[in-house]
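For reference, the structure is listed below as C-alpha cells.
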Amino acid sequence: MQLRAGNLLRFNRLGPSACFLRHAAFATQRKRPQILDNNSLGQLSFGRQPSRHLFLLPRQRRSKVRASKLVSVTLASALLALWLYPTDALQHTDSRARLGSENPGDGADEHDREADQADLAKFTQNVSALSFVPSTDGLSEKVVDLIMPEWIKSVPGYIRKLQREMNMEPGSLAAEIWREAHDPFTHPEIQYAAKVRVSNELCDEEKTFLERRRMMIVPALARFLRIDEEDIHPDDVPTIAMCGSGGGLRALVAGTGSFLATTEDGLFDCATYVSGVSGSCWLQSLYYSSVTGTSFEKAIDHLKERLGTHIAYPPVAFNALTSSPTNKYLLSGLVEKLKGDSGAQLGLVDIYGMLLAARLLVPKGELGVDEKDFKLSNQREFVRYGQNPLPIYTAVRHEIPELDSPDYGGPGSISEEAKDRAKREAWFQWFEITPYEFFCEEFSAGIPTWAMGRRFKNGSDVPSTTGFRLPEIRMPLLLGIWGSAFCATLSHYYREIRPVIKSLHQSLDELIWGHNKDLSKVHPIEPANIPNFVHGMYGQLPETVPQAVYDNEYIQLMDAGMSNNLPIYPLLRPGRDVDIIMAFDASADIKTDNWLSVAEGYARQRKIKGWPVGIGWPKPAGTPSQAAVELEQAEVHSAVEAEGRINKAKTDQAARHAEPSPAQTAKKPGDQPIKPESQRQTEAAAELGYCTVWVGTTQERSSDPPPPPVDDTSTWRLMDPDAGITVIYLPFLANEKAVPGVDVAVSDYMSTWNFVYTPQQIDEVVALARANYAEGRERIRATVRAVYERKKKRRLKRERREEEDGFRRAMRRRVIGSLGEGDHFS
C-alpha cells in the first residue's frame, strides 16, 4: 500500500487533527498498544507530557540496549511525522482540538463519574473546547486571499454552529439525540438486558438463517448449473462463501464489480456467506442498506455520485455535520457514546467514520437518508428469510504479550519457556460481526449485535444508576474501525518509507530495521476503544485468553487487514461447514503479501481439516512440499497410533498423484496432450492466473508435495470422496486485452489512500473486475458442479447405508417376532 501525505493532511483542517499530530509526531508517548481502564481514561488529556520510555523493557536489560531501541524508534517516529506532515503545512496551520480535561488531575471517582450531572458537564466541556483557528499572523489580506481558498472563511461559522448544536442546551441537536436515546420506540434494544454467550457453536439466529438460506439456494443453484430444480436435494447444496479483501476505496469499487459479475452469472444467489475486510466491509454496509436495496447496479450508480468529492473536503463535510437531516444520523452515535459512557473518548477513528458515513450511507440529495441504515442489526431485514447471503464484518485486536505479566510468570520472569510461549501467542485476535452477533472465536464468546456499545461486567451488561442502557453502537464508528489502516504499527509505517531511507542512508535503515519487532508493538495512532464484553469473566473463558482481557473495561479494535487482508478465518469457524471459498483479492501487493499463505498458518494452528496445503502465490525460496512437512509436524505429535493412517494416506495420495490412467489420457479430436503431474505442478507454481482453484483433503497429511491447482485435466480431484475445502482465488490483476491501461501497480488513483474516484475511473475498475471474472467463469461453474456432485454422491451412499441398516434391523425384529408362528414346521 502507499500512503499519501496530501490525503491525510486534509484531516489537519478539522478539529481532531491535533490528536493525529500528537500521535504521529510523538510516538514516544506510547509504551505499547494497551486497553485503558476508566481511571486511565479520566486522566488523559492532550496537554500531558510524553512518557520517558517507549517500551516496557525488563529490568535485566542493559542500558545500552534500551538506548539503542529508543533511538531507533524515535528516528522512525520522526521520519514518519516528517513524511506525513511537510514543514510548510505545519507553519501555516494551527489547528487544535482539546477533547479531554484541561487538568489531568480533575478525574472524579467511580461514583461521581456515573452521576448524570457530571457526565453532562464533561461532555459539554469536550465539545465546547473544539476549535479551528487558522493562523495568518504576519500575512496581508491580499496574501491570505491568494493562498487561502474561499471556503475557509466559512469554516469558523460551521464550527460555531456545530458547537451550538452539541452543547446539550435545551433545544440543541445533542439534547434531542439524548432524549430519543431513552425512547424505546426509537431504540427498542434499550428495553432488554444482554448477557455474554459462551459457546463455540453458532448462535440460534444464524442456525435458523442457514436452514432458510439453503432452501432459497435450491432454485438458484438449478439455474446456475442448468439442471432441473426437482433433481436438487437441499442436503446436496454446497455452502459457498465469498470474501472480499481490504484496500480502501479500490477494494470497495473492485468488489462491487466482482460481485456484480457473480450476480449476472447467477452465482451470488448461490452463496451462503459474504465476508469482508476494510473496504469490502464498506461494500457490505452499502449493499445491505436502503441506499442500494441489495442491488450492485445501484451501488455503482451511488458510488459515481458520491466518490467524486474527498471525504474530508471541509465544506461538504461540515455541511453534512451541521445540516438536517444528515447531522442527526451522523452525530447520534457520538453523542450517545460520550454522554452515556463517561470513560469513552473521541478519537481520529470516530471522525474518520463520520466522514465515511457522510459519503457512503447518505444518498445524493441527502433527503433520502434512512435512520435504519445506521445500525448493523437492522440488516437482519435483508437476511430474515434467507433471501441474501449473511454478511460477516471483521476487526482485530492487537494482543502483545509482556513477559512480566501474570500470563508469563509475573514481574521479572524472562525464562526461556516464557519467551517461547510469548512468541507462540497470537498477536491479532479476530472479531466478527454479523447482524445477529458480535463474536470472538479466541474467547469462545459473543453478545447480540444490538448490545454493542454497552459496558459489561462478569457476563452481563451494566446499566446506569437509573437503569438506562445505551442504544446500539452506530455504523459511522464501525466504518471507521473496519477501515482504520492508519492505526497500523510503526513497523507497517516504516515499510512504506524504507526504500527511501535505504537509498539515503543504509546504516540508518539497518539501525531502525534491526528493532523491527519492537516497532511492531507501537501504534502511533490509537485504535478505537469499545466496551469489553468479557470484562471480569475470570475463569469462564478458554485458558488461552490473556489476563489483560479480563482486567480492562475496553478493547481496542482496528482494521483486520493488519493481520490478513482476506477474511478467510471466520469462514473456517466450526458449524459453518463452508465447502467453497471464493476469494476476490484487490490488495495492493497481492504477490508479496500472499494472504492465502498466511491463512494456511491459521488453518494449521486451528487444525482445520480439509484446508488445501501449499496454496497461494509461489514463494521465491522453498518448495511446496515444505508447507506439507510443516503441517504434518504441527498436527502429528504422537505418531505411534497415527502411523498406520499416515502410511495409508501416503499410499492413497501417491496413487492420486500417479500418471493419468489410459481412460483419463484418452484424447478427443483437438484435445491438447495431458502433461505428467510433475510437469503440470511445476508450471502451475510459476504464476497464478485470473482464476485458480485448489482443493484440500480430509486425509492425514503426508510429506508428499501438495497437489497443484485444479485445472481442466484434474477436475476429478474435486470429486474425490476425501476432498476437503475448495478455494477459488480471483486476484485483481491487470487485463490489457479487456481493459487496457488499468493496473493497480501503475494507476495512481487506485492507491489505498486515495479517497476520490471519478465516474470514469469507477467504470474502469468495475470493467476490469468483471472481465477478470469472465476469464474464469466456466472453471468456476465446473468447480461448483463437481462439489455439488460430490455431496450428492455422499448423500446417496449414506442413504443406501442407512436403508440397508434399517432393513437388517427390521429383518431381525421380524425373525425374532415370528419364530414359531405360522412357519411350515409348526
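For residues that are among the hydrophobic types (A, V, I, L, M, F, W, C) and part of a loop (DSSP other than H, G, I, E, B), tally how many sit in region 530-580.
Selection size over region 530-580: 8.
Sub-7 Å Cβ pairs linking a first residue in region 277-288 that is assigned to a loop (DSSP other than H, G, I, E, B) to a second residue that is charged (D, E, K, R), at least 6 apart or interchain, are Ser278/Asp559, ordered by first then second residue.
Residues that are surrounded by fewer than 20 Cβ atoms within 10 Å (Cβ to Cβ) and either of a type in the set (S, T, N, Q) or free of Cβ contacts under 8 Å to residues at least 40 places away in the same chain (or both) within region 746-762 comprise Val746, Ser747, Asp748, Tyr749, Ser751, Thr758, Gln760, listed in sequence order. Looking across region 188-202, the residues that are surrounded by fewer than 18 Cβ atoms within 10 Å (Cβ to Cβ) and either in contact with a helix residue (DSSP H, G or I) (Cβ under 7 Å, 6 or more places away or on another chain) or not aromatic (Phe, Trp, Tyr) (or both) come down to Pro188, Gln191, Ala193, Lys195, Arg197, Val198, Ser199, Asn200, Glu201. Selection of region 168-219 for residues being basic (Lys, Arg) and outside any helix (DSSP H, G or I) yields Lys195, Arg197. Total residues in region 129-151 satisfying the condition of being at pLDDT 65 or above and under 36 Å from the mean Cα position of the chain (by Cα): the figure is 0.
Could you please give the count of residues in region 263-272 that are within 18 Å of Leu566 (Cβ to Cβ) and surrounded by fewer than 24 Cβ atoms within 10 Å (Cβ to Cβ)? Number of matching residues: 1.
When residues in region 553-567 are screened for being polar (S, T, N, Q) and closer than 18 Å to Phe438 by Cα, 1 of them pass.
Could you look through region 316-344, keep only residues that are in a loop (DSSP other than H, G, I, E, B) and out of contact with any helix residue (DSSP H, G or I) (no Cβ under 6 Å at 6 or more places or on another chain), and pick out the one that is surrounded by the fewest Cβ atoms within 10 Å (Cβ to Cβ)?
Ser324
Right, Gly480: assigned to a loop (DSSP other than H, G, I, E, B) and either modelled with pLDDT under 95 or over 22 Å from Met537 (Cβ atoms) (or both) or not? Before the answer, list the steps.
Working: assigned to a loop (DSSP other than H, G, I, E, B): no; either modelled with pLDDT under 95 or over 22 Å from Met537 (Cβ atoms) (or both): yes.
Taking the combined requirement at face value, the residue does not satisfy it.
The values are calculated or read from the model by the stated rules, or taken from the named source; none is laboratory data. None of these values were measured; they are calculated from a predicted model. Ideal geometry is used to build each Cβ from the backbone, glycine not excepted, and the neighbour counts take in all protein chains shown.
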